[in-house]
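The values are calculated or read from the model by the stated rules, or taken from the named source; none is laboratory data. The shown structure was predicted, so the numbers you read here are calculated from the model rather than taken from an experiment. Positions of Cβ are generated from backbone atoms using ideal geometry, with glycine treated the same way; all protein chains shown enter the neighbour counts.
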Amino acid sequence: MRRAALSLLRSRSERAEVTQVELFFDLIFVFAVTQVSAFLRAHMSVPGGVQALMLFAAMWWAWVYTSWVTNWIDPVLRPVKLLMLGLMFCALLLAASVPEAFAARGVGFALGLSAMNLGRSGFMLWALKRHDARNYRNFQRIFTWLGVGAVLWLTGAVLAEPERLWLWGAALLVDFIGPATGFFVPGLGHSTTQDWQVDARHMAERCAAFVLIALGESVTVTGAGFSELRWGDATFAAACCALLAAAALWWIYFDDAAERTANAFAEASDVGRVARAAYTYAHGLLIAAIIAIAAGNAFLLQKPMDVPTLGQGLLLLGGPAAFLVGNGIFRRLLHPRFPLSHICGLGVLAVAAMLSPWCDLLVLSAGGLAALLVTIFVSYNLVARA
């Protein structure tokens, strides 16, 4: 058949460019990140934090799996464009369901997520069957794992707490350990990272774009909060701390180290292994950290002189700590050692945490900002000496 013979795969003879439809697809996840951040702010408790983390993880896996797929198939072609638009509608249902995902909109959340996962993988089976036997077998395994996950998501959606929480936790565990095990399926074996031949620079650009999405949410929270409040010295100081922290996060990730890391990724002997560890797992921690910081900034702007609760302190100091750990792991996977600059920043955060019982929100935020600035300062000194 003519349609079956059509190859939708990218040519590996030239670099895979990030296309406009991929960037258009990302716009839905601007909304999704905003929804998760708002959910976290509205559920400041241990159960609420666990639920927010689960919602974020589901959203992240939906996005990152799609980025892997568009690394292999060409979004310039019309069938792939239609796939991306269909995935956008599923992602919209997913994101719109986030505020009530553990209440009345659980079915909508599970349907959106399951339709994305199974529809995307089913499309890949069709696209790969006559053109890439090894990756076709890889997606047979992926479809099986995501099918198990979909059963857990959909079953959990029709149950009440705590059964929903446990089943959705199991579904996320399936998502998390699938790539680590090579999507092992009895009778089909397991994939190796050599099967996952990706265009390194395309993957690096896609993940960098999502970091920008999350940072954009941080800036949006700061701007929206600042515009709605009565302005004063404390409010101005809080807005400056929040904006400088976002700039520092951008600097730490996107300065020349990002380009060096992308080059190292492109030259790696096993790009599939690096893509799995550095861009699938480590970047998830980076994005979660930025969302946590954005939620903390919302509380900071509302009442900068208040004594922080434990949850607010965790957001304002734990967020930067998670970012430095995630970025350090990311760099370590492609360079000889965990960055000394990040260790110094984590040390400053540890001191701030010890002093936190005597600090208000503004001082605590300043401590987090100081840690990020120390990280930048030490990094530049090390580069200057090298």
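Observations
- Scanning segment 16-44 for residues that are under 18 Å from residue 309 (Cα atoms) and either in the same structural domain as residue 309 (by TED's automatic domain parsing) or assigned to a helix (DSSP H, G or I) (or both) returns 37, 38, 39, 40, 41, 42.
- Residue within segment 180-192 that is touching a Phe, Trp or Tyr at 6+ places or on another chain (Cβ under 9 Å), at pLDDT below 90 and assigned to a helix (DSSP H, G or I) present: yes
- Residue 141 vs. criteria of a type in the set (Lys, Arg), in the same structural domain as residue 88 (by TED's automatic domain parsing) and modelled with pLDDT of 90 or more: yes
- Any hit, segment 344-361, residues being surrounded by 24 or more Cβ atoms within 10 Å (Cβ to Cβ) and closer than 24 Å to residue 209 by Cα: no
- Filtered residues of segment 211-254 (kept if closer than 19 Å to residue 366 by Cα, assigned to a helix (DSSP H, G or I) and of a type in the set (Gly, Ala, Ser)): 218, 223, 225, 234, 237, 238, 239, 242, 245, 246, 247, 248
- Residue match in segment 294-308 (condition: of a type in the set (S, T, N, Q), buried (at least 23 other Cβ atoms within 10 Å of the Cβ) and either under 22 Å from the mean Cα position of the chain (by Cα) or under 23 Å from residue 210 (Cα atoms) (or both)): yes
- Residues in segment 76-105 that are surrounded by fewer than 22 Cβ atoms within 10 Å (Cβ to Cβ) and not in a helix (DSSP H, G or I): 76, 77, 103, 104, 105.
- Only one of 258, 282 that is within 20 Å of residue 345 (Cβ to Cβ), in a helix (DSSP H, G or I) and modelled with pLDDT under 80: 258
- Some residue of segment 191-201 being touching a helix residue (DSSP H, G or I) at 6+ places or on another chain (Cβ under 8 Å), β-branched (Val, Ile, Thr) and surrounded by fewer than 20 Cβ atoms within 10 Å (Cβ to Cβ): yes
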